[in-house]
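J.: Before anything else, here's the structure in question.
The values are calculated or read from the model by the stated rules, or taken from the named source; none is laboratory data. Please read all numbers here as calculations on a predicted model, not as lab measurements. Counting neighbours? That spans all protein chains shown, and the Cβs are built from the backbone with ideal geometry, glycine included. Heavy atoms of the whole protein, side chains included, go into the accessibility calculation; ligands, DNA and RNA do not. Shrake-Rupley method; radii C 1.70, N 1.55, O 1.52, S 1.80 Å.
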Amino acid sequence: MARALNLIIILLLSASNLLAQKNVNKQALLWVRYDLQYQMDQWKLQQEVEHRTYIAPWRKHQLLVRTSLHRKLNQHISANVGFTYFEQSFPQEPDTSLYFFLQELRPHFTLSTKNEIAPKLIFDHRLMNEIRFFETGKNQFPYGNFRVRYQAQLTYELSKKWNVKVFDEVMFNIAKNVVYNSFDQNRLGVVLQHKFNPNWAYDLCYF
């Protein structure tokens, strides 16, 4: 446990130092996601559809469609493989009236751990590895780079119907041609989840 916490601190400090070396643009966006999960004995199928929109002015920014197949390896560890279709507008400036969309294809594989560290308190780790293929025109998708995503999350059960989650995810691009964007993103957020029943839940997230 101590090693895991030390790793998180090192990653966050590294991400903060790298972020300080870049120009930061602030933009307000609304992300809406539908997340369907279907349990099949030892396997679970997950289908996510996420639409990301600039708020001012109101227009589409990104579209993500991810399909994953999960398998529990033991009580605490699970793995999944899957594929993501990603679409993004360029340039990434909300005020421009001239923009176009490019596609990206991402096979991925993930390892996750889940441990109850105290009553009603769960600590999750997720290590996602994405192989990224970027559209270059005429439906050609050459290999772009490999991306590693590490997420740590704490979940606290407020009641049988309410959970609160705090997470941090850092992303790193790995490739010979990646020089200025090896550190990709750092997402820190909080989620409030309400479970209507065992099969339906609603998440409200700010990150």
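J.: Can you list residue pairs whose Cβ atoms sit under 6 Å apart, with the first residue in the range 158-185 being over 28 Å from PHE146 (Cβ atoms) and touching a residue at least 24 places away in the same chain (Cβ under 8 Å) and the second being among the polar types (S, T, N, Q) and open to solvent by less than 70 Å² (accessible area, probe 1.4 Å)? Count only pairs 6 or more apart in sequence or on different chains.
T.: Taking only residues 6 or more apart or on different chains, the pairs are ASN163/THR155; ASN163/GLN193.
J.: To continue, here is another question. Filter the range 50-81 down to the residues that are small (Gly, Ala, Ser), under 16 Å from the mean Cα position of the chain (by Cα) and open to solvent by 20 Å² or more (accessible area, probe 1.4 Å) and list them by number.
T.: Answer for the range 50-81, where residues must be small (Gly, Ala, Ser), under 16 Å from the mean Cα position of the chain (by Cα) and open to solvent by 20 Å² or more (accessible area, probe 1.4 Å): just ALA79.
J.: Cβ-Cβ under 7 Å, sequence separation 6+ or interchain: first residue in the range 69-86 and part of a loop (DSSP other than H, G, I, E, B), partner β-branched (Val, Ile, Thr). Which pairs?
T.: If the second residue must be β-branched (Val, Ile, Thr), the pairs left are HIS76/THR113.
J.: Could you list, in sequence order, the residues of the range 28-63 that are among the aliphatic types (A, V, I, L, M) and touching a Leu at 6+ places or on another chain (Cβ under 9 Å)?
T.: LEU36, LEU45, VAL49, ILE55
J.: Would you check which residues across the range 126-167 are over 30 Å from PHE90 (Cβ atoms), open to solvent by less than 50 Å² (accessible area, probe 1.4 Å) and aliphatic (A, V, I, L, M) and list them?
T.: Across the range 126-167, the qualifying residues are ALA152, VAL164.
J.: Another question, then. Out of the residues in the range 106-125 that are more than 15 Å from the chain's Cα centre (by Cα) and hydrophobic (A, V, I, L, M, F, W, C), which is least open to solvent (accessible area, probe 1.4 Å)?
T.: PHE123
J.: If you don't mind, another one. When you check ASN186 against the structure, is it modelled with pLDDT under 95, surrounded by 14 or more Cβ atoms within 10 Å (Cβ to Cβ) and under 26 Å from TYR206 (Cα atoms), yes or no?
T.: Yes, satisfied.
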